[in-house]
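Beneath this line is the structure, given in structure tokens, with notes to follow.
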Amino acid sequence: MTLLRLIGRNLWRKPARTLLMMLSVAIAFLVHGLGQGFLAGSQGSGGAEAGRLVVQSRNGRGQPLPHADAARVAAMPEVAAVAASARIRGYVGTERTVAVASAVDPNAMAAVMAGDLDLTPALLAQLDGARDRVLVGRSLMEAQGWRAGQRIALTPFQIARADGAPWSFEIAGVFEGARPEIDTHFMIARYDYVNAARAHGRDSIDGLMVVPHPGVPPAALAARIDALFASSPAPTRTQSEKAFLDALIREIADFRLVVTLVTSASFAAILMIVANTMAFAVRERSFEIGVLKVLGFPARLIVGLVLCETLFIFVTGGGIGLALARVAALLAGPELGLALPPPVVARAFLLLIALALLAGLVPAGFALRMTTANALRFR
Amino acid sequence: MTPFPPSLPGSPGFIRLDGVSKSHGRGAGRVAIFSNLSLEIPRGDFVAIMGPSGSGKSTLLNILAGLDPVDAGRVAIDGCDLSAMGEDARAAWRTTTLGIIFQFYNLMPMLTAAENVELPLLLRPLSGRERRERVATVLDLVGLGGWARHHPREMSGGQRQRVGIARAIVTDPALLLCDEPTGDLDRRSAGEALDILGRLNRELGKTIVMVTHDPAAARSARHVLHLDKGAFSPAGPEVLS
Ligand SMILES: Nc1ncnc2c1ncn2[C@@H]1O[C@H](COP(=O)(O)OP(=O)(O)O)[C@@H](O)[C@H]1O
Ligand SMILES: [Mg+2]
């Protein structure tokens, strides 16, 4: 027998109780894993490239900027790539599904999104044949059940066609995200076509995406871009892509807050359940803890044994919960956009250890007081 | 039999109490158990302590085990001054010097006989193999060689007490403290347990202090002390007859 075995014997003397505690920890960490996977995934801003900047009108999102801004930004020495984009939001198919087409210069888009989207030269060449061709992201393609070569209609909320008809595009190909957390729920259209056919606001854009040269601090570049247009008729507001997406998502709901509240609540619940159950289990064994003390087990070793029991319950239960969350992230597919990259899992594990020690404090405190004040006496 | 005085023959004192005072509780509920109690027991002795309930026999054993600090006076065992040691130091000292045998065995229900016996060895720097060998040796010594893998619930009271004895001696301590070791046993099992204690004393030279109500048990000791109203007195013939 070893001390480890002793811990095991204590854990499994009431297997149902131990398993239930593990289950509650597993559920809490499944919830935590799914919540964090959601925030880290494409539904959150987890796919955002921290170095990439988004330039919009200072007068508000959706206000136009002149297309000529793209060339002025591209001329800045700190800038590696720029893509100007006009976003068409609208219904596709039935009037229930909303989709977005980004009208861009495809080559500029490929340069800006290099490493995140696989916009290969071969794929971009597919757009050359006709001006109304689009590339559709994998996530949108699968959600709609579209096929390559198919013609689709997009009834726009803004950027109407001069002839009043819906936009009609031919699907030339599919692009993929380089990682699961990259958003591919949109399509890429040709700016030259959209610009020529739109009813109003010709030569305007909704924003720019800017990639700085390596080593250029994004915040400094953002300030310089805004300074460049400060006295123009359309002043700009430049943010990191992550800040931009976070703000965008917060307009729908503050998911980060919701996820934090939900997981905090479930953590508080398991903390109370496990701490209380373990304290009960330790009190039940006060006589045996007294025996250990009499046999010469030092108080800190007894406390360590009790802490190890809680630690085992948390690490096993939490490990199972996180593993389930990871399986869910893999099975869910790109529409849900769950991602559990290693840093998220590592952070969850640190949390696991911290919670285990916290939950173990109560029973360990009992054990400690028992061993000093009520050590077993001869009867 | 030399029941009195409290300084027993043989030298030097293996166990020494000098002017020990001890009370339980505090404030108005404070009860004095001993005041200025002295006692000397030589190495290798086997002493039975008898006395009415509540006379402080268990308290005395708790003091000798270093489980209960004294209010005044000095407690020394084999030259170690217990009253000067901290709680952790006394715990460490117990693992090497002391074996304790309880009336109700105090075995761990979820551990087998062998694992119960092995428990105190977990605190020693021994290999698993050395530990298992020692456990097998003492289980043989108490006549439970075939019961290593059984749990306490599968054993009789007498067998459980022999597991308790094996656990007390597995660390090869110089001193055994027993509180009513036969109090919960039938005649035959009590006889077996006392036999083992006698052999541990005679053949292995263990010093034994045993609290008992049972005159038959007291007779297997070399000396008998009578504790009453916080002081030792000669054991009257009625307890020994
Ligand atoms: N922890 C304690 N707190 C208060 N009183 C105690 C405590 N332990 C023992 N006593 C009291 O001290 C006296 C002696 O107890 P004890 O040593 O157990 O006697 P014995 O073992 O001789 O029956 C008894 O009156 C008992 O009630
Ligand atoms: Mg007693």
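Computed from the coordinates by the stated procedures, all read-outs in this text should not be read as laboratory data. Only a predicted model underlies this, so the values are computations on that prediction, with no experimental measurement involved. Using ideal geometry, Cβ is built from the backbone for each residue, glycine included, and neighbour counts are taken over all protein chains shown.
Odds and ends about this structure:
- Extended-chain gain in nm, criterion 0.36 nm per residue less alpha-carbon gap, residue B:229 and residue B:199: 7.6 nm
- Each Cα pair under 8 Å and six or more residues apart adds its sequence gap; the mean of these over the residue count of chain A is a relative contact order of 29 percent.
- For segment B:169-201, the residues whose backbone nitrogen is under 11 Å from a point 7 Å from the Cα of residue B:80, taken along Cα to Cβ, are B:173-175.
- Distance in nm between pseudo-label sites at residue A:122 and residue B:24 (7 Å out along the Cβ direction from Cα): 8.9 nm
- Residues whose amide H falls under 5 Å from that of residue B:73, counting only those 5 or more places apart or on a different chain, are B:21, with hydrogens built in the peptide plane.
- Sorted largest first, the spans of the alpha carbon positions of segment A:64-233 along the three principal axes are 44, 36, 30 Å.
- DSSP assigns beta bridges within the protein assembly as shown; of those with both partners inside it, close to 65 percent run antiparallel.
- Taking Cα centre as origin and charging only the Cβ of basic (Lys, Arg, +1) and acidic (Asp, Glu, -1) residues, the dipole magnitude of the protein assembly as shown rounds to 1040 debye.
- Theoretical FRET efficiency, 1/(1+(r/R0)^6), r = Cβ-Cβ of residue A:74 and residue A:254, R0 35 Å, to 0.05: 0.50
- Counting neighbouring Cβ atoms within 10 Å and putting the fewest first, the residues A:314, A:38 line up as A:38, A:314.
- Take every DSSP beta bridge whose two residues both sit in segment A:64-233; close to 75 percent of them are antiparallel.
- Shape of the protein assembly as shown, Cα gyration tensor, a/c cut at 1.5: prolate
- Distance between the 7 Å Cα→Cβ label points at residue A:4 and residue B:154: 2.5 nm.
- For peptide A:287-295, the mean count of partner chain Cβ atoms within 10 Å of a residue's Cβ comes to 6.
- Label-zone membership for segment A:118-161, site residue A:199, 7 angstrom Cα→C-beta point, backbone N under 17 Å: A:154-161
- Shape category assigned to segment B:118-220 from the gyration tensor of Cα positions, a/c cut at 1.5: oblate
- Efficiency of FRET between residue A:17 and residue B:72 - r from beta-carbon atoms, R0 35 angstrom, step 0.05: 0.15
- Proximity of backbone amide H atoms, modeled 1.01 Å from N, is registered between residue B:49 and B:210, B:211, B:212, B:225 at under 5 Å, excluding neighbours fewer than 5 places apart on the same chain.
- Amide H contacts under 5 Å for residue A:63, placed H, 5+ residues apart: A:57
- Between residue A:111 and residue A:58, the FRET efficiency estimated from the beta carbon spacing at R0 = 22 angstrom works out to 0.30.
- Helix A:15-40 axis, angle to chain A major axis (alpha carbon atoms, nearest 10°): 20 degrees
- Ellipticity at 222 nm from helices only: DSSP H runs of n ≥ 4 in chain A, each -39500 (n - 2.57), divided by the residue count, give -17000 deg cm²/dmol.
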